[in-house]
Every structure is written in C-alpha cells, then in structure tokens.
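See below for the structure under consideration.
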Amino acid sequence: MRAPNEILDRLRQRLRRMGAAAGAVWWFTTVLCALMAVCLGDWWLHFDNVSQRIWLGAGMLLLASVAAGLLIVRPWMRRYGDLELARQIERIQPGWGGSLASSVEFIEAGCDPRLGAPTLQRSVVNRAGGALSQAELDTLVSTQPLVIAAGSALLSCLAAAAIVVGSPDRAALALERLLFPSTAAEWPREHTLVLLDHHGQPLPPPTAPIESARGEPVTLFIEDVDSELPEDAVLHIAHPDGERETIALRRTTLDGRNGRETTVGFAVLPAVTDSVSVKATGGDDRRMPWYTYRFSPRPAIEQLTITTTDPDYLGGDVSERTAETGSFEGLVGSHVRIDVEANTPLAAARLCRDGESPQNLQLHGDRKSFHVEFQLDEAARFSYWFELTARSGLKSTIADRFEVVAVVDQPPVVAILQPAHDVTVTPVARLPLSIDARDNHEIVRMRLAVSELPGSAEDHYFPLSTPADVSETRVDSTLEIAEFELAPGRELSVRAEAFDANANSGREPGRSEARIVRIVAAEEKLRELQSRQKGIAQSLQSARSMQSQAVQQTRELVVQWQAAGEFLVEDVDRIKRIRSNQQRLTERLFDERNGVVDRAQEILSELDWNGIADQPTALRLNQLVDQLTRLRTEALPATENSLTFVRKALSTEAEVARRDVEQELINAERSQTAALETLDSLAALFSEWQRQFDVIRRAAEIHEEQEKLHQESIRLGQQTLTTPFDSLPAQLQADLLRLAEREEQLSRQIERLDEQLSRMAADSDADRATVAREDLRDALALLRDRRIKEEMQRAAHLLAENEVIDSAETQKQLLESLEELEEILRGLGVPSPDTLLSQIEAAETELESLRERQEETLRKAREIAESGPSHSEQLEQLRREQERLARQTEEFAQRLRRQQLGDSASIGSRAARTMRQAAVGLQDEAVPPDVLAKQQDAVDDLLQAQRELSAMRQRIMSARTGAQIAEVSAMLESCIERQQGLAEETTRLDQARQARGNLTRAQLQTLHSTAEAQAQLQGDVRRLAETVEDALVFREVLRLAADEMSAAAELLSDRKVDGQVQQIQQAALTSMQGVLESLQEVESRREVSPGATTDQNESGSSGWSVISQVRLVLSMQKDVARRTAELIESAGEADELSPAEDSQRERLEQQQARLRSLLSELLQAQADAVPTDEPTEVTP
C-alpha cells in the first residue's frame, strides 16, 4: 500500500518542477512578444505622448507580473492529488487500463467492502503498485508542454532577433522610449505637418484662440516641412456643438521660406459660427494639436457724419451730411469735423494721413464713437483713413480709405453756346448770344467783354441780366455789331465773364472761350450762306432717292396682296425695312442738330440777324421749311400709321379683314407718293438754284481773275511800254506771254459760261414758268452783243504784241461788262414784283378754268347718279375726263412750285390726289356718294388755291408799294434838304441885296448857280413824280412842287430874289413836305402791322393808301386857303393886283383846279377798284 504513494510523491515533485519550467518559458515568450508588440506599435504609430508610453511601460510590468504568477508560481505551487496524479499517469500509460486510479481509490477507502471484496481490492492494489514500482519516472512525466513552450520561446527570440538585426537603431529607440519614456528621443518621421499663418510662417503651438473676422472666410494652409505633402492629408474640424468633419486638402503652391515654391494644402473655413477648432493629419504625422479660431466682427465705421463750415466770405454756412463714404471736397478755408461711430466697442482708434504719423484719437464714453477736426488751409488732395482696433484685437480693413480734396474756390465756368464757333457777320448784324454759366455756389453778375482785334486799347463791357440766387443760368442777349462801326475785314473777340461771391477779393472772373467775330461784307456773307445750301440740296436728293425706293417697295407689296391675298415670308421683313427706312428719312429731314429743316432755319436766322434781305433765298428756304413741316404733320405720320397697322395685322393671330390690309397698304402708298412729290419739287427747286449758283460763282471767278490780269498788265506795262516786244528781255517777254495765255484761258471760260447759259435758257424756254428766263436772255445778250469772248482774245493778242495801253483799255471795258454780267446773274431766279404779279394772274386764270371744268364734271356726275345705273359709256367718258383733269391739275401744281408759289401748289396737289381717287371710284356701274364728295372736295381745294393766289397777289402788291414808298421817301428827303438849302441861299442873297442895294459880281455868280440848282432840282422832282404814277395825289402834288420850282428858277434867272421867289420856293417845299409826311404815315402804319392784309378799300387797286392821299389833298387845300388869305390880306382894298400878286393868284387858281380834279379822279379810281365778282362755291 505504501509503495505507490511514495512513487506518486516523487512523481508529484517532478510534475511541479516540469510545470514551473514550462511556465517560465511561456512567461519569457509572453513578455518578449508583448515587448515586441509595444515597440512595433510605437514604431508604427508613434506614441509621442509621454503619458502614453508610461502607461504602456506600466502595462508591460503588470503583464510580466501577472504572467509570472500564472505561468511560474502557480504551477510550482500546484498540489496534485493521488487520484489526479494516477489518472494523468494512465493518460500517459493507457495500457494500465485504469488500475492505478482504482488502486488509489481502494487505498483511500481502506479496502471498504462496499467497494468490493477486500481481497480483490488488495490484489488490484498490489498489481498496480508492482507496475508502478517497475515503471521509470521519466516515462510517467510528459515533457511536451516544456517542448512547446521552448519552441514558442525560440520562435519569439528569432522574431526579436530579426527585428533587432533588421533595424537595430529603431529597435533600440523603441526599447529606450519604452524604458525611459520621458527622456528618450522622438521617432524619426517622414512627414511633419504645420499650420501656416497668412505670411506663410508656421503657427506656434496654440495657447489661446486665434481671433478672426466674422464673415471673412479663413484660408488655412498646411505644409509638410519634411517632405512632400502626403496624399492622405486631411483637415479635421471640430464645431462648438460637438460635430466633427473631415475635409480633404486641396493643393496649391506658395513661395517657401527657402525661396522655392512649395506645395501646400489648403482649406477654407466659413466664418459663420462663433468658433471652430482644426488640426491636420497625414502620412505618419498625427501630432498637430488643435487650433481654435474665434470669429468676431471686424471693427468698421457704421456711421460717418461730415460737418463743413464754409469760409467767411460765403457767410460761414454750416452743412452737415451723413455720408456713406468719408471722401469729400471742400473749399480752402473751410473747417471740417468728422464724427465716426463704429460697429463694435474699440480698444483704440487712430487717424492716418498720407506722409504723416498716425494720430491717436480719444474715444467717447461708449467706446464706439469718436471725432476728429481739422482746417483745410491750402489747396491739396490727400487720403486719410481710420485704424480701428477692437477689444478682440481685430483691426479694421485697410480698404476703408477716404479722399479729401481741398480746392480753391474756382471762378464760375462760362461757355458761349451760341454761336458755337467763330462766325462771320455783316457790319449791321445783331448777333444773338446764348451764354451758360455755372458756379459751385452763386453767380453774382455777368457781363460781355468785346475787344477789337488785333489788340485794342481796352475792352468794351456790356452787362448781362443775371437772375439772383442761382448757381447756374443761361442768358440770352444780342450784340449790336453796328455800334462798333467796323469795316469788313476787322475782327472782334467776344467772351462772356461771370463773377461769384469771392470776386470782391480781387480774384479774376470766370471767362468763356473767346469767339472770333469777323466782319465781312453782306455779299461775302451771302455767298457763305448760299454755299451752305449745297448740303441741303444734296440731302434733299438723298431723301428723294430713299422715298422713291420706299414707294416702289410699297407698290410691290400692294400688287402681291391684291394678286395672292397673302405675303411671302420675305415680304414681312420688307415691311419692317420700309418702316425703318421711313423713320431714317424722318430723322434725316428733321433731326434737331443736322436735319434739313434745322439747317434751313439756321440759314434763315443768320439772314435775319445779319440784316441781309435776300428774298430768293428766304423764299426758297421758307418754302422748304413750310413744305417739309407739312410733310412731317401729314404724309409721314399717315405712312407710319398705315405700315404699323399692316405689320401688327401680320404679326398677330387676330382675324383682320383682307380689305383692311389692302386699304392700309394703298393709304401708305398714297402718303408716300405725296411725300415723294413734295421732295421731288423741293429737289428740283434746289437743283435749279444749284445751277444758278454755279453760274454766278463762275462769273464771279472770271471777274476776279480779269481784275487781277488788269492790275498785273498795268504793272508790267510800266516796264515794257516804250520798248518793242522783240527788244524786251526774255523774262519780260515770257511775262507778257503768260498774261496773254491767262487772258486766252479766260476767253475759253467765257465760252463755257456761254454754253451753260444757253442750256439753261433752253430749259427755261421749255418751261415757261421758270422765273430766270428773262435774266438768262439778258445775260446771253450781254455776252454776245458786247463780244466779251472776242474782246478777251483781242486783249490777249495785244498783250502778246506788247500793246499794253490798248490791252489795258480793253480789259477795263471787259471789267465793266463782267460787272454788269455778274449783276444780271445775281438776279437769276429773283422775279420782280411785276413778273410775280403777271405769273399769279396767269395762274389765277388757269386755276379758274380748272375749277370750272371740275364743277362741270361734278354736275355731270350728279346727273348720272340721279338718273340711275346703265350709263357705262357716260361713266367711262366722265372717268377719263376726271383723270385728265387730275393730270392737268398736278402739272399746274408743279408749275406753281417752280414759281415758288408753295401754298397754292400744295393745295393744287391735294386737289389732284382727290380727283384721282374720284376717278378710281367712277369705275363702278354707278356713281357712289363718296365720289361726289371727293369731287366737291376737289372743287373746294381749287377755290382755296384761288384764294391763296389772290392773297399772295395782295401781299406782293403791298410789298412792292412798301419798297417804293421807302425809296421815294429817301429820295424826297434829299430833295427837301436841297430845297431848304436853296431857299436859305435865296433869303441870304435877298438880305445882301437889301443891305447893299444891289448884288456883287460874286453874289450874282452865286445867284446864277442857285438858279441852275433850282432848275436841276425841279427836273429831279418831276422824274420822282413819274415813279409814283399809281398814286395820283402824290404824283400831282410832286408835279405841283416841280412847277413851283420851275417858276422860282425862272425868277432867279431874272436875278430876282425878293419875297415872291421865296414864297414860291416855300410853297414847293411845303408840297414836298406834305407828300413826305403822308408817305411816312403810310410806312409807319405798315410797320405796326407788317403781316396784316391791307383792305383794298383803304389801299386801292395800286396798293397806295387812299386815306393818306385824301389827307394830303386836304392838307394841300388848307395850304391853298392859307395862301389865298395871305394874298387877300396883302392886296388890301386896292382896285388892281400887282403883277406879282396877279401871278400868284393865277397859280392858286391852277392849284385849286388841279386839287379838285385830283379828288374826283381819286374817288372814281376807288369806285372802279371795288370788286363786283368773286368766285362762288358749288355746294351739293
């Protein structure tokens, strides 16, 4: 029983030793593997945190201790029971079949009979003991755990050896970092990420939040200082609410600290929250700490108030304004205060100015506002800004810079708007001026400064009316050129000046740019204005071409619509183009700056204020303006409305009647045709004027060249006169031949001028209405009768022979002829009043015939309309007659246009259009009512044209009479002045005779001269009387005065200077004065109402005032009565009259008889002039 127990005890010790040995090996393996794991983890993950490494070291010690207790101490201290030990042996020795375990149980039970027979139990125990005693202990203890532990330890050692051999430095560093966590070196890394500031410098480790401006996104740059930025570099963002996000970094390049470009990563932080924390990781770098950005408002100016106090001379006015910007402009001498309010409490504020040190400003109590004051001492421009620092440390942006402009109070800005450039004027011009003046405060007064050029002693100043309390104004004035009494060729410098409130300090006023006004003769100014009409003629031709094309295109559209009932696709675009071209035409004609009408009105205005009475130009341009104005108000708007209707009808889906579209197209064509007719007539008018202008210009050039040749011939003749041509020096011969050649060239120019005049005359003969026909004939007659061409050739021949005296005489005669020719040509197209009157009378006769024929056509149409249908032949005949009338009326209207009878011509054209419309309506089987209405309209138009012609005839007669009155008045004033001188001389001679008793020889000679002068004056007065033949009273009174002068001349020839002669002279003087007063009365009445039509009952058929003539008769009757009374008083109670008194009585009787006859003739003429028949209207 004892033997197995002993063996088991020995086996138990062996097992404890084997387990402790295997545990020690496993402990070593475990500690080695853990050490390798920690070192590799530090190698790969870089436990840079010292505390991490300390915790790892502590963990290693704990692991070693626990492992030692479990793997070494525990197996060593383990107590194996006999039964456990027996069963372990049986697992090793399976052949024992469990007897050893049973023996242990039997022994422990004391061979309890309950387990079986004791004998049998002891037998089993014995057998097991024997087997156990015979077994070797080494076979009973398994070494496999030790072997396995040793193998694991070997493998771990091999792995550790491989790591050490492969990277001994890193292995040693890893072990050192684990063993000495606080003093060991850092791991060598491939990547080191740093956060850069806005200067590209690495940020220091965070100790406090980084302040940044709210609302301004922050761009973060991350640089790898060791190598290239790793691909996996990211930015980690931690928000205040705990949310985190990771965003990839974008790449860019920056200038590195070593001067080379460096690739960096960047990300943008939206500054929308109060704060945010960021860090970057990438590659093997996870060390970056968290940086916190705190977003606060950047300090900025929230409100800025600028208060300026003007200088004293402006009253020290204070102006305050709240400005969006601190930039402002102020006058030198102004005081400035700037109040600033910031958007956040400030730590500091500084005023900065260019080139000056910043100035610290005192903050107000709220720490958000401050102010600054300064004086604008001199003219300068400088920038200033405020540096604001918030309590958070944020500063204001540099962009908030303001500019101050300190300016000297400049004089007003003055400009002469009219004339817009230098001008030429006549010596009597009334130059209109329009002056614009502007000042930044107030214009006190203005004036006009005029000086004569070149250089005058002083300027002439003319005050201008200036409104009060204005800073800008426009003043219109007139400069009277006649006040300067300048001859052509002189110049004036005209400028405007304006003064402001600072003028009292002696500062110069504001001055405009000077306008040079050159004085020219009226003829030169007229040529300038006429040359400017060439552009009008060209514009009219261009406008006519445009309108002609528009008419053609519209006609094609009418044909297309009538034939197909629809338009082609391109036709719709054509309508738009036609409408656009019509608008362009309107702009070309009526543009306010360069339109035809504007240029014509400008020329008319210059004619007026230059005092140039150029009737042809005025008539032509007024006709142009009137007809184009009528075109603008009638034909062009009608065309626009019709084309707009058609365009809208085609561009909308609304149903439009086919007939409406057709009618509007026809209306458009009619309006365009009317406009074309007007442009045709105006173009023809200006074309004719152009031809006349070219002829006049050519004649003037020939005259000027002939004048030069004449002067040069005289100068050269002074050198060659006494020497034969062959004996002259070669140079003088060449000079003579050159002059002869120039004279020959002039003869060829005369030949071409003759040809041009002949063509114009032929055209004039073909068109009998052309007013220049007679002038052309006169010019041709002068050229041919005086043989101007041949005379020039003769002068050239004489020059070539050195016959300078004869050549100069011939040239002088040529100059006279050319001057006369130029005078005739200047009258081209200028109809005399008599010519106009004859043309109007002929037009009235023809118009009366047309009206009567139209009335007859209307009568026939009414008869057909009243008799019903079935008159097709009569209708066709009536239609042809109506068309013929329309054509003849249009031809008549065109003749009126060429005769410059524009109003009647327009009415005639309107009547012709109405007739054509009526003729179209007569194509039906019956006469529609609207045809009768159109025919009646045509009659009314013809009647209106007659009235226009009659009114024009009255105006021409009135104008002719007015011109004649002015001419007679001027001549009569001269005659009266001469008669007064003769009467005074006669009185002086009579006084000398009475004082001496007789006249001296010298006085007799004077008397003889006085008698001749009196006789000459009576002849002049008698001729003057013939010029007023239509004014019966004026004519006869002047004849009476001439008779008196004739009687006085006879007495003076008889050496009589007594009271009888003086009385006769005074009677003649009184008669002339009476006529002059009557003429002046008529002229003054015409000036009061220049546009009024004179009543025929007042003016008579001749246009002379009947009332004024009657008054003159009464005045003459009073004079006869006065002289009769004086004669009776001088005769006394004598039985017989003296010869002188008897002669005076006879003259009084003759004058009384002539006055009675005059009054009778005047009343009879007035009765004959009363109209007894007037055209009447035909009413339906």
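For the range 605-619, how many residues are charged (D, E, K, R) and assigned to a helix (DSSP H, G or I)? Before the answer, list the steps.
To start, the set of residues in the range 605-619 that are charged (D, E, K, R) comprises 606, 608, 614.
Retained after the next criterion (residues that are assigned to a helix (DSSP H, G or I)): 606, 608.
Summing the residues that are charged (D, E, K, R) and assigned to a helix (DSSP H, G or I) in the range 605-619 gives 2.
So if I check each of 432, 488, 427, 463, which one is assigned to a strand (DSSP E or B) and over 32 Å from the mean Cα position of the chain (by Cα)?
Values: 432 fails: over 32 Å from the mean Cα position of the chain (by Cα); 488 fails: assigned to a strand (DSSP E or B); 427 fails: assigned to a strand (DSSP E or B).
From the options 432, 488, 427, 463, the qualifying one is 463.
Among the residues of the range 837-863, write down those that are touching a residue at least 12 places away in the same chain (Cβ under 8 Å) and under 30 Å from residue 960 (Cα atoms).
837, 839, 840, 841, 843, 844, 846, 847, 848, 850, 851
Looking at the range 358-397 only, could you name the residues that are farther than 25 Å from residue 329 by Cβ and assigned to a loop (DSSP other than H, G, I, E, B)?
First pass over the range 358-397, keeping only residues farther than 25 Å from residue 329 by Cβ: 360, 362-368, 389-395.
Result: 362, 363, 364, 365, 366, 367, 368, 391, 392, 393, 394.
Looking at the structure I just gave you, is residue 761 surrounded by 13 or more Cβ atoms within 10 Å (Cβ to Cβ) and either at pLDDT 85 or above or at positive phi (or both)? Before the answer, list the steps.
Details: surrounded by 13 or more Cβ atoms within 10 Å (Cβ to Cβ): yes; either at pLDDT 85 or above or at positive phi (or both): no.
Criteria not met by residue 761.
In the list 974, 1053, which residue meets the criterion of being surrounded by fewer than 17 Cβ atoms within 10 Å (Cβ to Cβ), more than 30 Å from residue 619 (Cα to Cα) and under 60 Å from the mean Cα position of the chain (by Cα)? Walk me through it before giving the result.
On the way: 1053 fails: under 60 Å from the mean Cα position of the chain (by Cα).
The unique qualifying residue is 974.
Pick out, from the range 213-256, the strands (runs of 3 or more DSSP E) lying fully within it that include 1 or more residues that are farther than 13 Å from residue 191 by Cβ and hydroxyl-bearing (Ser, Thr, Tyr).
Details: elements: 218-224, 234-238, 244-248, 250-255.
Counting at least 1 such residues, we get 218-224, 244-248, 250-255.
In this structure, is residue 1059 at pLDDT 70 or above and surrounded by fewer than 18 Cβ atoms within 10 Å (Cβ to Cβ)?
When the stated conditions are applied, residue 1059 passes them.
Return a yes/no flag: does the range 1042-1054 have any residue that is closer than 18 Å to residue 999 by Cβ, part of a helix (DSSP H, G or I) and acidic (Asp, Glu). Outline the logic, then answer.
In the first step, residues of the range 1042-1054 are kept if they are closer than 18 Å to residue 999 by Cβ; the result is 1048-1054.
Those left that are additionally part of a helix (DSSP H, G or I): 1048-1053.
Still in the list and also acidic (Asp, Glu): 1050.
Looking for residues that are closer than 18 Å to residue 999 by Cβ, part of a helix (DSSP H, G or I) and acidic (Asp, Glu), one finds at least one in the range 1042-1054, hence yes.
Does the range 289-299 include one or more residues that are surrounded by fewer than 14 Cβ atoms within 10 Å (Cβ to Cβ) and basic (Lys, Arg)?
From the range 289-299, those surrounded by fewer than 14 Cβ atoms within 10 Å (Cβ to Cβ) are 289-290; that's our starting set.
With the extra rule that they be basic (Lys, Arg), the set shrinks to none.
Looking for residues that are surrounded by fewer than 14 Cβ atoms within 10 Å (Cβ to Cβ) and basic (Lys, Arg), one finds none in the range 289-299, hence no.
Do we have residue 260 as farther than 25 Å from residue 394 by Cα, surrounded by fewer than 13 Cβ atoms within 10 Å (Cβ to Cβ) and modelled with pLDDT under 85 here? If you could, list the steps in order and put the result at the bottom.
Details: farther than 25 Å from residue 394 by Cα: yes; surrounded by fewer than 13 Cβ atoms within 10 Å (Cβ to Cβ): yes; modelled with pLDDT under 85: yes.
So residue 260 passes the test.
When residues of the range 577-604 are filtered for being part of a helix (DSSP H, G or I) and either in contact (Cβ under 8 Å) with a residue 40 or more places away in the chain or touching a Leu at 6+ places or on another chain (Cβ under 6 Å) (or both), how many remain?
Total meeting the criteria: 15.
Tell me yes or no: at least one residue of the range 490-497 is over 30 Å from residue 603 (Cβ atoms), modelled with pLDDT under 85 and outside the structural domain of residue 612 (by TED's automatic domain parsing).
No, the range 490-497 has no match at all.
Could you please find all residues in the range 327-357 being in a loop (DSSP other than H, G, I, E, B) and either within 15 Å of residue 396 (Cβ to Cβ) or touching a Phe, Trp or Tyr at 6+ places or on another chain (Cβ under 7 Å) (or both)?
Here is the first cut: in the range 327-357, the residues in a loop (DSSP other than H, G, I, E, B) are 327, 332-334, 343-345, 354-357.
327, 343, 344, 345, 354 - these are the residues of the range 327-357 that are in a loop (DSSP other than H, G, I, E, B) and either within 15 Å of residue 396 (Cβ to Cβ) or touching a Phe, Trp or Tyr at 6+ places or on another chain (Cβ under 7 Å) (or both).
I'd like to know if the range 867-880 contains one or more residues that are buried (at least 20 other Cβ atoms within 10 Å of the Cβ) and either modelled with pLDDT of 85 or more or under 50 Å from the mean Cα position of the chain (by Cα) (or both).
no
Kindly indicate the residue of the range 191-218 that is surrounded by 12 or more Cβ atoms within 10 Å (Cβ to Cβ) and β-branched (Val, Ile, Thr) and also farthest from residue 261 (Cα to Cα) among those meeting that condition.
It comes out as 210.
Please pick out the residue among 699, 684 that is among the hydrophobic types (A, V, I, L, M, F, W, C), under 30 Å from residue 619 (Cβ atoms) and buried (at least 20 other Cβ atoms within 10 Å of the Cβ).
Numbers: 684 fails: buried (at least 20 other Cβ atoms within 10 Å of the Cβ).
Answer to the selection: 699.
May I ask you to list the residues in the range 37-51 that are free of Cβ contacts under 8 Å to residues at least 60 places away in the same chain and surrounded by 13 or more Cβ atoms within 10 Å (Cβ to Cβ)?
Listed by number, the list holds a single entry, 41.
Please list, ordered by first then second residue, the pairs with beta carbon atoms under 9 Å, 6 or more apart or interchain, first in the range 1124-1141 and closer than 15 Å to residue 1063 by Cα, second in a loop (DSSP other than H, G, I, E, B) and modelled with pLDDT under 70.
Filtered contacts from the range 1124-1141: 1141/1134.
It is to be established whether one or more residues within the range 596-612 are touching an Asp or Glu at 6+ places or on another chain (Cβ under 9 Å), surrounded by 17 or more Cβ atoms within 10 Å (Cβ to Cβ), over 24 Å from residue 425 (Cβ atoms) and among the β-branched types (Val, Ile, Thr).
No, the range 596-612 contains no residue that is touching an Asp or Glu at 6+ places or on another chain (Cβ under 9 Å), surrounded by 17 or more Cβ atoms within 10 Å (Cβ to Cβ), over 24 Å from residue 425 (Cβ atoms) and among the β-branched types (Val, Ile, Thr).
So if I check each of 575, 536, which one is closer than 19 Å to residue 638 by Cβ, buried (at least 19 other Cβ atoms within 10 Å of the Cβ) and touching a helix residue (DSSP H, G or I) at 6+ places or on another chain (Cβ under 7 Å)?
Details: 536 fails: closer than 19 Å to residue 638 by Cβ.
When all the criteria are applied, what remains is 575.
Residue 266 passes all but one of (1) in a loop (DSSP other than H, G, I, E, B); (2) touching a residue at least 40 places away in the same chain (Cβ under 8 Å); which number fails?
Only one criterion is unmet by residue 266, namely (1).
Give the range 388-428 a look and list any residue that's buried (at least 19 other Cβ atoms within 10 Å of the Cβ) and acidic (Asp, Glu), or say none.
The answer is 409, and nothing else.
The values are calculated or read from the model by the stated rules, or taken from the named source; none is laboratory data. Please read these numbers as outputs of a predicted model, since none were measured by experiment. Heads up, the Cβs are rebuilt from the backbone with ideal geometry, glycines too, and the neighbour counts pull from every protein chain shown.
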